[in-house]
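Please read the structure below before turning to the comments.
The numbers here are math on the coordinates, done by the rules we state, and not lab data. Note that the structure is a prediction, hence the values are computed from the model and not measured. Quick reminder, even Gly has a Cβ in these numbers, built from the backbone with ideal geometry, and neighbours come from all protein chains shown.
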Amino acid sequence: MATDYTKELDELIEYVINESASDLHISEGRQPTIRVSGSLIPLVKKPRLTKADTLGFLERLLSAENKKLFFEEKEIDFSYNYKDKARFRGNSFFQQETVSIALRLIPKKIKSFAELFLPSALETFCQRHQGFFLVVGPIGHGKTTTLASMVEYINSTRAEHILTIEDPIEYVYEQKMSIIDQREIRIDTKDFHTALGSVFREDVNVLMIGEMRDVETISTAVTAAETGHLVLSTLHTNNAAQTIDRIIDTFPSGQQDQIRVQLAGSLCGIFSLRLIPRISGGLVPAYELLINNNAVANLIREKRTHEIDTVIETGLEQGMVDMNRSLADLVRNGEISTENALLYAFNPKALERLI
């Protein structure tokens with residue numbers, strides 16, 4: 001009897017939802033596996049998957065166009081809606097000539113800053129009408145969720161035209177005070193560069209770019225921030241200083257002085273976060289917040305980004321947050337263990353002196 005892969009996929013997705021999992025992994029030769037609070041848990045009551053199983057699931061997850069593209073390119077990002085109950089960001093790829101699928105659950109409800117244990121200081125950046133704000137950190141540590149909360153805050157408090165450019169679309173917004181248009185790469189537009197080129201003719205106030213992937217995207221985003229747009233985006237970097245260096249190093253040497261000047265003038269702030277296992281279960285964020293003031297702007301222009309960490313450490317009165325201080329507060333409040341705090345610290349020796 002042929003396997004009903006629609007029914008099987010629905011059952012796996014229900015596992016993800018009911019167990020409050022963040023991810024589902026489907027790979028040939030392994031049992032389906034979910035990630036809960038950072039830990040991978042195989043579904044031991046399920047059989048190991050065969051090649052026919054992974055292809056069967058792929059058939060249910062991808063459109064005809066995406067399937068064609070997947071077999072041409074050997075990997076693909078996609079989104080998947082489940083019965084109006086949940087939405088997933090997916091990636092399928094080949095490994096050792098077999099198909100693997102990773103699905104990340106995108107919660108239907110967009111949580112507020114308070115619900116996510118994020119600082120209310122983020123509201124200040126949402127109230128800006130111009131500038132460049134970045135959320136950074138490793139994959140799977142809440143960058144997209146934080147950006148979604150910022151977009152939803154603007155949507156709920158201001159009448160603006162918000163445009164998102166994503167690959168794929170993750171959170172889906174219900175229009176409130178703002179007009180929100182969401183464009184997905186390959187479906188609604190050719191690529192990030194093409195979509196960004198049109199922004200200046202679309203009467204956009206707030207631009208959310210899912211990820212800064214190349215020099216063209218970064219250059220256009222910075223220009224948009226200089227010309228009256230609030231631009232929100234993400235980068236896979238560790239902290240504020242590294243983020244600034246990464247942006248500048250993306251450009252050819254002959255353009256780096258120019259981008260330094262542009263970045264010094266347009267940057268609002270950089271928010272770096274880590275999701276740390278909580279003693280009581282689940283995850284809680286620790287974070288660093290850089291606010292671009294005159295001192296920071298001068299350091300960017302003068303190629304002294306290595307001094308930015310010190311500015312953050314001493315910038316508490318200006319509203320800046322040092323990652324070690326954030327971790328130390330979580331330890332003192334009994335939220336996380338000292339061991340985990342040291343594991344996630346940028347500077348473990350300095351953290352030991354704070355705890």
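Numbers below:
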read-out	value
Cα convex hull of region 250-307, projected area averaged across orientations, nm²	5.4
On Cα atoms only, tilt of 240-249 relative to the major axis of the chain in degrees	80
Contour excess over end-to-end distance, with Cα ends at Val44 and Ile139 and 0.36 nm allotted per residue	31.5 nm
Distance from region 221-278 to region 311-347 (C-alpha centre basis), Å	22
Loop-located trypsin sites (Lys or Arg not before Pro) in region 120-200 whose Cβ has at most 12 other Cβ within 10 Å (DSSP)	Lys190
3J(HN,Hα) from dihedral phi, region 30-38, Karplus parametrisation 6.51/-1.76/1.60, rounded to Hz, x for glycine, proline	10, 6, x, 10, 10, 10, 10, 6, x
Environment charge of Cys126, counting only residues whose C-beta is closer than 12 Å and scoring Lys/Arg +1, Asp/Glu -1	-1
Distant-in-sequence amide H partners of Val135 (H built 1.01 Å from N, under 5 Å)	Ser233, Thr234, Leu235, Phe271
Using θ = phi - 60° and Karplus 6.51 cos²θ - 1.76 cosθ + 1.60, couplings along region 68-80 (whole Hz; Gly, Pro as x)	4, 5, 4, 6, 7, 8, 6, 6, 7, 8, 7, 10, 9
Sorted by Cβ neighbour density within 10 Å, fewest at the top, the residues Arg332, Arg260	Arg332, Arg260
Residue among Ile187, Ile247, Ile162 with the largest mean-square fluctuation in a Gaussian network model of the chain, springs linking Cα atoms under 10 Å	Ile187
Percentage of interatomic Cα-Cα distances in region 42-107 larger than 13 Å	66
The chain - share of DSSP beta bridges that are antiparallel (%, nearest 5)	60
When each of Lys46/Lys108; Lys108/Lys176; Lys7/Lys51 is checked by Cα-Cα distance, pairs over 24 Å	Lys46/Lys108
Ellipticity estimate at 222 nm from DSSP helix runs (n ≥ 4, -39,500 (n - 2.57)) divided over the chain, nearest 500	-11000 deg cm²/dmol
Selected from Thr223, Thr145, Thr310 as most flexible by GNM, with the chain as the system and alpha-carbon contacts under 10 Å	Thr310
Neighbour net charge for Ile169 - beta-carbon separation under 10 angstrom, K R +1, D E -1	-2
Mean separation of Cα contacts under 8 Å, 6 or more apart, over the residue count of region 5-106: relative contact order %	26
Residue-wise HN-Hα coupling along region 339-355, computed from phi with Karplus coefficients 6.51, -1.76, 1.60 (Hz; x: Gly, Pro)	4, 5, 4, 5, 5, 9, 6, 5, 9, x, 5, 5, 5, 4, 6, 7, 6
Local net charge near Pro42, Cβ-Cβ under 10 Å (Lys/Arg +1, Asp/Glu -1)	+4
Values of log10 I(q)/I(0), in the order q = 0.13 Å⁻¹, for the chain under a Debye, Cα-only, solvent-free model	-1.11
